[in-house]
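Everything on this sheet refers to the single structure shown next.
No lab work stands behind these numbers, since they all come straight from the coordinates. Since the model is a prediction, treat every value here as computed from it, not as a measurement. Please note: Cβ atoms are built from the backbone with ideal geometry, for glycine as well, and neighbour counts cover all protein chains shown.
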Amino acid sequence: MSIESIGFILSYVMSFLYTFIATHPISIGPKMLLLFATAYCAFGSLLFKKQKAASEHHLWLFSLLLILISIISGRNRVWGEYAILLSHAFAVYWLMARSGRFIAGESSEYLLFDLILGFVILPFRHFFQRFKTLIQSTSTSLGKDRSLAAKFIILFVLLTSVVFLYIAGNLLSQADIGFRQMLGSLFDWVRLENIRPTLFRFIISLPIGAYLYGLFFGLYQEKAKERTSWKERWESQILNFRHVPTSLWSSILSVFALLYVAFFTLQGSYLFGAFFRTLPNHMTAAQYARQGFFELCAITTLNFALLGFAWLSHHQPIRQSSSLFSMFFVILGESVLFSVIAASKLLLYIQRFGFTPLRIQSFWFIGVLLAACLAASYSLLTGKRSYKIWILYSGISLAITHLL
């Protein structure tokens, strides 16, 4: 049996199992999820066993297993229902790592494009691949020399014969009590009212199976030169976007840097109070921790968007401009300070009132922001890429939080 035939059959089985995961997430869903994940990972490993995988694929598989264990054991208290959605992202990302189909060959600055490629482009580009496989296998079984009309007639005869067989068996079960006792229950089971739930699940599973088959064999048929073309296309678009002079971006970043300095100066005693376990007057620990926490996280995120925009649109690489290079470090340093202040406020809150799922989520997000600041500073200083380390840290730490 060919690998395409195995995938064809498995896509129907896996998609049917998935309908239980979606409709019964608490009762029967976890059991079906275990079967689905086993089939998914096993077939992915089989399909790409001869392909050169990304070196990190074992880490993504480990992270996926942690999330699945948390769901099946009922320990996904931190992320709740989001755990299922996160498991989808990890599953697709692991499959891309196992197949070696990352745009840059590993986790990189093309993370967003890798996810779009794996989640959207390849599955939907090959969405009807399973139907084509069915037509090709059916045509082969019916004979290559027969015309299309002859093949259609043969299929029609086969389907009609099945319907006639059901009608004949049903009539015989009604005509003879002995025959009915032997086989009548079988014909009763295939009545429409009895098979309606199963038939409904099967119909719902068809687009799911088409997506899964498109994902697996879209990655399987993807060529190295196509990944190179994606990378070259993205890099050429960046070059077309780089027109902003150094003086303009230096001025813009200077305004932001001075704004943050003024904020630190005016609110220093308030912002840094958590480091010394001192609270502002007339403010409880809960009020102090909550006030400004999410705003500080948003400011840090905004700074990354600002620096990313500057990196994309500046007319030359950042490290070739000393003034812009310095401003990048200033903004990153202030972002580190924002992250540390937010973390200190949250730690003070946790020490007073303990952990909750929301506080663990917030603490994980602060850790991701702080790691991003440090990774970006390292890349800016050395010229070496640190995207992979940051992505691995973020993904693995996210998986670990599912077990808390």
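How long are the semi-axes of the ellipsoid equivalent to region 311-383, from square roots of 5 times the Cα gyration tensor eigenvalues, in whole Å, largest first? Could the numbers behind the result be given before it?
Details: eigenvalues 215, 24, 14 Å².
That gives 33, 11, 8 Å for the three semi-axes.
Sort 246-252, 336-342 by packing, meaning the average of other beta carbons within 10 Å per residue, with the highest value first. Spell out each step's value before the answer.
Values: 246-252: 16.0, 336-342: 22.1.
So the order, starting with the most tightly packed, is 336-342, 246-252.
Order by neighbour count: Met96, Met14, Met32, fewest other Cβ atoms within 10 Å first, most last. Write down the numbers at each step before the final one.
Values: Met96 27, Met14 24, Met32 20.
Result, fewest neighbours first: Met32, Met14, Met96.
Arranged by the count of other C-beta atoms within 10 angstrom, fewest first, what order do Ser15, Ser73 take?
Details: Ser15 23, Ser73 11.
The most exposed by this proxy come first: Ser73, Ser15.
Just the ratio, please: alpha-carbon radius of gyration of region 24-84 over 2.2 N^0.38 Å, N its number of residues.
Against the empirical 2.2 N^0.38 Å value, I get 1.27 for region 24-84.
Show me 102-113, 78-89 ranked by packing, highest mean number of other Cβ atoms within 10 Å first. Numbers along the way, then the final one.
Numbers: 102-113: 18.4, 78-89: 16.3.
The packing order, highest mean first, is 102-113, 78-89.
Hey, can you rank 361-369, 376-384 by average C-beta count inside 10 Å, highest first?
Per-residue mean Cβ counts within 10 Å order the peptides as 361-369, 376-384.
Net charge within 12 Å of Tyr211 by Cβ-Cβ distance, Lys/Arg positive one each and Asp/Glu negative one each, not counting Tyr211 itself? Walk me through the numbers on the way to the answer.
Working: positive: Arg125, Arg130; negative: none.
Surrounding charge for Tyr211 is +2.
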